[in-house]
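First comes the structure, then the notes that go with it.
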Amino acid sequence: MSEELGISSAISNQTKDRIEKNFSNSDSLKEISNDIYYSLIQKLEEGNQGKTIALIMIGGWVEGLYILDNFAKKSGLGSPAMERLADQKYSLENLLGMAKKYKAEPGMDNLLVQLTDLKKIFDSISEETINVSAANPAGEGSYLKMNQDQFNAIEAKINDIRKSILELKS
């Protein structure tokens, strides 16, 4: 696939050697991963492939959300995984802002509609205030409280979006 996108050169032989030499060093692998990411973005930008960047970011975010959703389903309402899922409301707003730049590109219009529908579901999640108490001595704050119907709607929409992304390549 990297050949089709014209980005195979984003990972040089030198980078491959670095990966092999640092395979057991997670900090180094993280740094190498970041280097590859920025090299990839640079190659795509140089090739005027903004839509491809948008699709990679959307696809990665949706896949991460899909994995988190499956973990949250097993963990149940009120779990830390469910809270992380609800928190994705904020990253979705940023993702939509970036994706709207490419709304005229083929296939992006449907994807934007679906992401906007997902945002509406996330927007229905209530924000609850946490007050100072013995259980929360750190002070006031807030969190997003998701109910089962909202979770089910998010799960269904994530599956729909995933399917749409996979169909874009076909």
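The values are calculated or read from the model by the stated rules, or taken from the named source; none is laboratory data. The model shown is predicted, which means the values in this text are computed figures rather than measured ones. Glycine also receives a Cβ, built like all others from the backbone with ideal geometry; neighbour counts cover every protein chain displayed. Remember, those area values only see protein heavy atoms, side chains included, never the ligands or the DNA or RNA. Shrake-Rupley method; radii C 1.70, N 1.55, O 1.52, S 1.80 Å.
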- Note on the structure: From the option list G64, G78, single residue qualifying as assigned to a helix (DSSP H, G or I), without any contact (Cβ under 8 Å) to a residue 40 or more places away in the chain and either out of contact with any Lys or Arg (no Cβ under 6 Å at 6 or more places or on another chain) or surrounded by fewer than 18 Cβ atoms within 10 Å (Cβ to Cβ) (or both) is G64
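Give me a count of the residues in segment 48-61 that are without any contact (Cβ under 8 Å) to a residue 24 or more places away in the chain and hydrophobic (A, V, I, L, M, F, W, C).
The total comes to 2.
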- Message: I'm trying to understand the selection: among the residues of segment 30-50, which are assigned to a helix (DSSP H, G or I) and either touching a Leu at 6+ places or on another chain (Cβ under 9 Å) or buried (at least 18 other Cβ atoms within 10 Å of the Cβ) (or both)?
- Response: I32, L40, K43, L44, G50
- Message: Condition first: of a type in the set (S, T, N, Q) and closer than 13 Å to M57 by Cα. Now tell me which residues in segment 81-129 satisfy that.
- Response: S91, N94
- Within segment 125-140, is even one residue at pLDDT 90 or above and touching a strand residue (DSSP E or B) at 6+ places or on another chain (Cβ under 7 Å)? yes
- Sole exception among (1) among the polar types (S, T, N, Q); (2) touching a residue at least 24 places away in the same chain (Cβ under 8 Å); (3) closer than 25 Å to K157 by Cβ for N70, by number: (2)
- Query: Which members of segment 81-128 meet the condition of being open to solvent by 60 Å² or more (accessible area, probe 1.4 Å), more than 30 Å from E45 (Cα to Cα) and of a type in the set (G, A, S)?
  - Reply: S124
